[in-house]
Each structure stands twice: as C-alpha cells, then as structure tokens.
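Trainee: Below is the structure I would like to discuss, written out as structure tokens.
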Amino acid sequence: MSYLKAAGNGPGTLEALGIVVTIACMELAATMLLPPDLRGLNSLIILRFLQLGLIVLWMKRRGFGAKAIGLAPDKLKKGLKVGLIGCVLLGVIAILLEVGTRLLMDDSFLGMMKVVSTTRWPLKLAFAMVIVGPFVEELVFRGVLYAALRRQMAAPPAIILNVLLFGLAHLPSQPLPLVQMAGALVFCIAHERSSSLVAPVVIHSVGNAAMLGLTFVSI
C-alpha cells in the first residue's frame with residue numbers, strides 16, 4: 001500500500017500504454033525516416049529530449065505532478081539509497097554470470113556486454129547512454145507505465161507485465177532481449193521498494209556506464 005500512497009493520482013493503464021506506444025512510434029519514425037548518415041548520436045539525443053518534452057507537456061496538460069511519476073521530493077533520498085544497493089547487487093549478479101559463462105561456455109559474459117561503438121565523441125556517447133537515455137526510459141516504463149499498472153493490480157503481475165513490455169520494446173534491436181528484461185526486473189523491484197524513480201534511474205545509469213566502460217577494456 002505504501003507504493004500506491006506514494007504514487008498518488010496518475011494515468012490509467014490504457015493512457016500509460018498510449019504514452020509508451022507514442023514513444024515507440026517516435027523511435028520507429030526516426031529509424032525509418034532519417035537517412036543513415038543522420039542516425040547518429042546527435043539525432044538520438046535530440047529524440048530523447050523530444051520524448052521528454054512530450055511527457056512533460058502531457059503531464060502538465062493532465063495536471064499530474066512529480067509524485068505521479070515517482071519523483072516526490074520526500075522519496076528522493078530513499079530512492080538514491082535503494083539505487084546504490086541495487087547497483088551492488090547488479091554487480092554481484094554480473095560477476096556470477098561471468099564466472100558461469102567462463103566455466104560452462106568458455107566465453108565471457110562481460111565481453112558480450114561490451115558496447116560496440118566507433119564514435120569519436122565518447123563524452124557524447126556517455127551522455128546519451130548514461131544520463132538522458134536511462135532517465136527517459138525509466139520515466140516511460142517505470143514512472144508512467146509501472147505506476148499505472150500498480151494502480152490496477154498487485155506488484156507481482158505489474159512487474160511481470162512491465163518486464164514483458166520492456167523486452168518487447170527492445171525487440172527491433174535485440175532478437176532475444178534477456179539482459180534488458182532482467183534489468184527491467186531489477187528496475188521494477190527497486191522502484192517498488194523505494195517508491196521513487198531515482199532508484200531505477202541510478203541502477204540503469206550505472207549499468208549502462210559499466211557496459212560503456214567495457215568498450216575500452218579488453219576482456
């Protein structure tokens with residue numbers, strides 16, 4: 001009940017799904033309409049800010065405050081604490097997966113998680129992957145969608161649906177988005193435990209930063 005009290009009033013499930021579909025359509029349109037030479041980091045960053053602006057305008061028009069998306073000021077400290085704990089747990093899981101893949105598959109899990117990039121602008125890539133990207137994704141899938149699901153159902157089915165929809169959203173780029181779905185599970189649990197969007201944003205950002213860091217490390 002504490003999560004529902006913290007979430008307050010907000011959109012229903014259908015309205016939240018409409019936001020998710022709109023964001024996905026913006027991604028698809030950018031991929032299909034922009035010529036290959038314009039599908040770079042600048043376009044990605046601009047797209048993220050357009051998506052963020054759309055959500056802010058929608059919230060203002062509907063009269064939803066920061067509380068409705070998990071950004072209540074009184075929950076920010078707890079969200080940061082849960083997020084940091086989640087980062088440690090995620091690190092432990094990554095180490096166990098690394099040991100398992102090396103023993104069972106003679107391969108490197110961390111090596112498979114490397115970000116393949118030839119960009120000459122690593123700081124711009126970091127900004128897109130570590131800051132604006134995770135914030136917008138968590139705002140859409142946890143701040144808007146998960147909160148809407150929780151207003152309609154208990155935590156377990158809400159988490160399962162959120163994880164499946166997050167995986168579905170990654171299908172165009174990942175045929176089997178198991179890592180993304182596992183991440184979504186962690187993000188949902190952190191969001192549920194803290195009643196704050198800060199927790200999943202921190203974990204998502206640190207996870208992406210780790211994957212980006214692996215690009216420059218030989219494993």
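Trainee: Please indicate, with yes or no, whether at least one residue in segment 158-165 is in a helix (DSSP H, G or I) and buried (at least 22 other Cβ atoms within 10 Å of the Cβ). Before you say what the answer is, go through the steps one by one.
Mentor: Step one: list which residues in segment 158-165 are in a helix (DSSP H, G or I), which gives 158-165.
Next cut, buried (at least 22 other Cβ atoms within 10 Å of the Cβ) only: 158, 162.
Among the residues of segment 158-165, at least one is in a helix (DSSP H, G or I) and buried (at least 22 other Cβ atoms within 10 Å of the Cβ), which makes the answer yes.
Trainee: Shifting gears a bit: Just for segment 68-85: of the residues that are in contact with a helix residue (DSSP H, G or I) (Cβ under 7 Å, 6 or more places away or on another chain) and not small (Gly, Ala, Ser), which one is nearest to HIS191 (Cα to Cα)?
Mentor: Of everything passing the filter in segment 68-85, VAL82 is nearest to HIS191 (Cα to Cα).
Trainee: With LEU76, LEU71, LEU47 as the choices, which residue is assigned to a helix (DSSP H, G or I) and either among the hydroxyl-bearing types (Ser, Thr, Tyr) or touching a residue at least 60 places away in the same chain (Cβ under 8 Å) (or both)? Steps first, please.
Mentor: On the way: LEU71 fails: assigned to a helix (DSSP H, G or I); LEU47 fails: either among the hydroxyl-bearing types (Ser, Thr, Tyr) or touching a residue at least 60 places away in the same chain (Cβ under 8 Å) (or both).
Result of the check over LEU76, LEU71, LEU47: LEU76.
Trainee: Surrounded by fewer than 19 Cβ atoms within 10 Å (Cβ to Cβ), under 17 Å from MET129 (Cβ atoms), touching a helix residue (DSSP H, G or I) at 6+ places or on another chain (Cβ under 6 Å) and modelled with pLDDT of 85 or more, is that true of ALA209?
Mentor: yes
The values are calculated or read from the model by the stated rules, or taken from the named source; none is laboratory data. From a predicted model like this one, the values you see are computed outputs, not experimental measurements. Neighbour counts run over all protein chains shown; Cβ positions are idealised from the backbone, glycine included.
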